[in-house]
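First the structure, in the form of structure tokens, and then the observations on it.
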Amino acid sequence: MADISALGNLTAAEPLDLPQYKDAQEFRLPKAGRYTVRAPEAFPPTAFGKSQAGYLTAQVDPTIVGPTNEGYTIRFTRVSAKTWQDKSGLSVSQLGRYLRATGRTTPVSGDPQAQADAVEQTAGSIYQIDADWRARNNNTGFTLEGMKNFPSDGNGGHQSWVEDPTEKDENGNPVRLRANLVVTRFVSSK
């Protein structure tokens, strides 16, 4: 029997009803492509932040509702109110593109509070995005973007990880970087 007396007084836990546990299922990263997604049902205060340049940011983590991979949430999807000039010379922002994708067509002032309120009004909205894979190593700066650029899995698809070409682990093996699904484009509803 295990001797846990050195741990002191432990709190008793709930009984483990193991027959009701779900067995682990094989994880498959959704493929790159267009998805219909749902905005979060609510945006907690922690969803809003400030960029390094001082602009409002909002974490809008969408959940896929179709056509495949229903229920998969694309985590760490953050949009910024910082503007830039698009190819046609218009002043645009990620936040503005997000609002357009969710169906917003009326102007929103540059006031950060008004913009945060507009994001909150998108709660539960259904919209479309384009998504693709990205793996990044912040230690080395190595980034691989695009599912088609990941190594073949030998079955006509792509493996959802890549080895960093320069960083090694403690055993001298290349560090493996897992791909994440990221939003590459908010698709305007109009």
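The values are calculated or read from the model by the stated rules, or taken from the named source; none is laboratory data. Computed from a prediction, not measured in an experiment: that's the story for all the values here. Note that each Cβ is placed from the backbone with ideal geometry, even for glycine, and that neighbours are counted across all protein chains shown.
Here THR73 clears all of (1) modelled with pLDDT of 95 or more; (2) surrounded by 15 or more Cβ atoms within 10 Å (Cβ to Cβ) except the condition numbered (2).
If I ask for residues that are among the basic types (Lys, Arg) and either out of contact with any Ser or Thr (no Cβ under 8 Å at 6 or more places or on another chain) or not in a loop (DSSP other than H, G, I, E, B) (or both), which ones from region 10-30 would you list? Scanning region 10-30 gives a single hit, LYS22. Selection within region 147-163: residues that are within 30 Å of VAL37 (Cβ to Cβ) and touching a strand residue (DSSP E or B) at 6+ places or on another chain (Cβ under 6 Å). The member of this set that is surrounded by the fewest Cβ atoms within 10 Å (Cβ to Cβ) is TRP161. A single entry from LEU144, LEU181 fulfils the requirement of being touching a strand residue (DSSP E or B) at 6+ places or on another chain (Cβ under 8 Å), hydrophobic (A, V, I, L, M, F, W, C), farther than 29 Å from ILE126 by Cβ and surrounded by 16 or more Cβ atoms within 10 Å (Cβ to Cβ): LEU144. Mind checking which residues of region 13-54 are more than 19 Å from GLU70 (Cα to Cα), surrounded by 10 or more Cβ atoms within 10 Å (Cβ to Cβ) and of a type in the set (S, T, N, Q)? Result: SER51, single match.
Please verify whether GLY66 is touching a Ser or Thr at 6+ places or on another chain (Cβ under 7 Å), without any contact (Cβ under 8 Å) to a residue 12 or more places away in the chain and under 22 Å from GLN128 (Cα atoms), treating the condition exactly as stated.
Criteria not met by GLY66.
Condition check for VAL182 on (1) under 22 Å from GLY33 (Cβ atoms); (2) touching a Leu at 6+ places or on another chain (Cβ under 8 Å): one failure, at (2). Pairs linking a residue in region 171-189 that is over 19 Å from VAL119 (Cβ atoms) to a residue that is of a type in the set (Ser, Thr, Tyr), with Cβ atoms under 6 Å and 6 or more positions apart or on different chains, are ALA179/SER160. Just one of the numbered conditions (1) among the basic types (Lys, Arg); (2) more than 28 Å from ALA135 (Cα to Cα); (3) touching a residue at least 60 places away in the same chain (Cβ under 8 Å) is not true of LYS22: (3). Return yes or no: is ASN69 within 30 Å of HIS158 (Cβ to Cβ) and either assigned to a loop (DSSP other than H, G, I, E, B) or not charged (D, E, K, R) (or both)? Considered against the rule, which asks whether it is within 30 Å of HIS158 (Cβ to Cβ) and either assigned to a loop (DSSP other than H, G, I, E, B) or not charged (D, E, K, R) (or both), ASN69 comes out as yes. Here the strands (runs of 3 or more DSSP E) wholly within region 82-190 that include at least 1 residues being touching a helix residue (DSSP H, G or I) at 6+ places or on another chain (Cβ under 9 Å) and over 28 Å from ALA47 (Cβ atoms) are 161-168.
As a summary of the residue check, ALA42 satisfies the conditions (1) assigned to a loop (DSSP other than H, G, I, E, B); (2) touching a helix residue (DSSP H, G or I) at 6+ places or on another chain (Cβ under 9 Å); (3) within 21 Å of SER188 (Cα to Cα) except for the one numbered (3).
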